[in-house]
Amino acid sequence: MIASLEKSPPVRVPGTAVFMSRAMNVIPFALLHNLKHNKVLHERVVLLTLRTEDAPFVHNVRRVTIEALSPTFWRVVASYGFKETPDMEEIFHRCGLEGLSCRMMETSFFMSHESLIIGKRPWYLMLRGKLFMALSRNALRAPDQYLIPPNRVIELGTQIEI
């Protein structure tokens, strides 16, 4: 997909777009929805994955890895220990040390917001689904969890049937 976007790009707007992704080798829903609805792409696109390691702390040398996918697309993987809180300012600082300079106030963070819906199922599975939905609703939102300024976040929604 990145190669096809480079070959025939949509309209480009200035700045950096960071698309949060849970998996490394998957195009985020937010990127697809942004292209579908807004029909624009930022000059520089960063696909960011935050990983939690099985150790309490991750050494700063192993914190951020950067891979250039094309001249305008980058993959950034930031690793944190389970006792650490991911910090976007720190990630941007480490990216700058590696040659990918990003400024928080010139960056838009695109995130997927999943709305959960329950399909038709037996009553006991319905109860389990409602419990999961309640826990999901009460979970900390990604901008708060990763210390992203709220005025830099754009959430694009999708519905997921559980």
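The values are calculated or read from the model by the stated rules, or taken from the named source; none is laboratory data. Being a predicted model, the structure only gives us computed values, none of them experimental. Positions of Cβ are backbone-derived with ideal geometry, glycine not excepted, and every protein chain shown enters the neighbour counts. Side chains are part of the model used for accessible areas, which takes the heavy atoms of the whole protein and leaves out ligands, DNA and RNA. Shrake-Rupley method; radii C 1.70, N 1.55, O 1.52, S 1.80 Å.
Observations on the structure shown:
- Answer residue from the range 23-64, given it is open to solvent by 90 Å² or more (accessible area, probe 1.4 Å), within 21 Å of ARG152 (Cβ to Cβ) and in contact with a strand residue (DSSP E or B) (Cβ under 7 Å, 6 or more places away or on another chain) and is modelled with the highest pLDDT among those: GLU43
- Cβ-Cβ contacts under 6 Å between residues 6 or more apart (or on different chains), taken from a first residue in the range 55-74 that is under 21 Å from VAL18 (Cα atoms) to a second residue that is surrounded by 14 or more Cβ atoms within 10 Å (Cβ to Cβ) and of a type in the set (Phe, Trp, Tyr), are listed as ALA68/TRP74.
- Scanning the range 65-116 for residues that are modelled with pLDDT under 90 and assigned to a strand (DSSP E or B) yields a count of 6.
- The condition of being open to solvent by 30 Å² or more (accessible area, probe 1.4 Å), in contact with a strand residue (DSSP E or B) (Cβ under 6 Å, 6 or more places away or on another chain), of a type in the set (Asp, Glu) and under 21 Å from ASN25 (Cβ atoms) does not hold for GLU161.
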